[in-house]
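For reference, the structure discussed in these notes is given below.
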Amino acid sequence: MTRRLAAILAAAALTAGCAAPPKGEGKTVAGKAALKEKDRSEKTDDREQYPKVTPVFEPVGRVASVNVMLQFAVVDFAGGRLPPIGAPLLVYRNGKRVGELRASGPAMGTALVADVIAGDARPGDEVRAR
């Protein structure tokens, strides 16, 4: 009986010892705080190593159609973000600036009507907000 009791106590002591954290780590509040600080410093080192990148969300669209007689164009902003009414828009063809528009409205979905201010616009031209 005493041997069984000794064997059970020894097994309990061995299994409880495996669940303990490594020596000196996480036993006290100061030890836990030191571990968290160590994790934070490792993460900030990685952040400082790389440059900060800020995305640019300029509305970019394509001329869908042009009415030459009435001097307006329908511009499709497939990205979803439309420029505000009255905003100047620049027209590019093959990377060169060929015209200027002014967002006049109405806007419907991802399409916007713009007045031709200078130059010309053709279907397929790229339109960027100034």
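Observations
- The stretch 104-118, subset modelled with pLDDT of 95 or more, among the aliphatic types (A, V, I, L, M) and farther than 10 Å from GLY61 by Cβ, residue surrounded by the most Cβ atoms within 10 Å (Cβ to Cβ): VAL116
- Of residues in the stretch 47-99 being among the polar types (S, T, N, Q) and at pLDDT below 85, the one farthest from VAL116 (Cα to Cα): GLN49
- Members of the stretch 50-93 found to be of a type in the set (S, T, N, Q), loosely packed, with under 13 Cβ neighbours inside 10 Å and in contact with a strand residue (DSSP E or B) (Cβ under 9 Å, 6 or more places away or on another chain), listed by number: ASN67
- Scanning the stretch 69-104 for residues that are more than 17 Å from ARG130 (Cβ to Cβ) and in contact (Cβ under 8 Å) with a residue 12 or more places away in the chain yields a total of 6.
The values are calculated or read from the model by the stated rules, or taken from the named source; none is laboratory data. What you are looking at is a predicted structure, and each value in this text was computed from that prediction instead of being measured. Neighbour counts run over all protein chains shown; Cβ positions are idealised from the backbone, glycine included.
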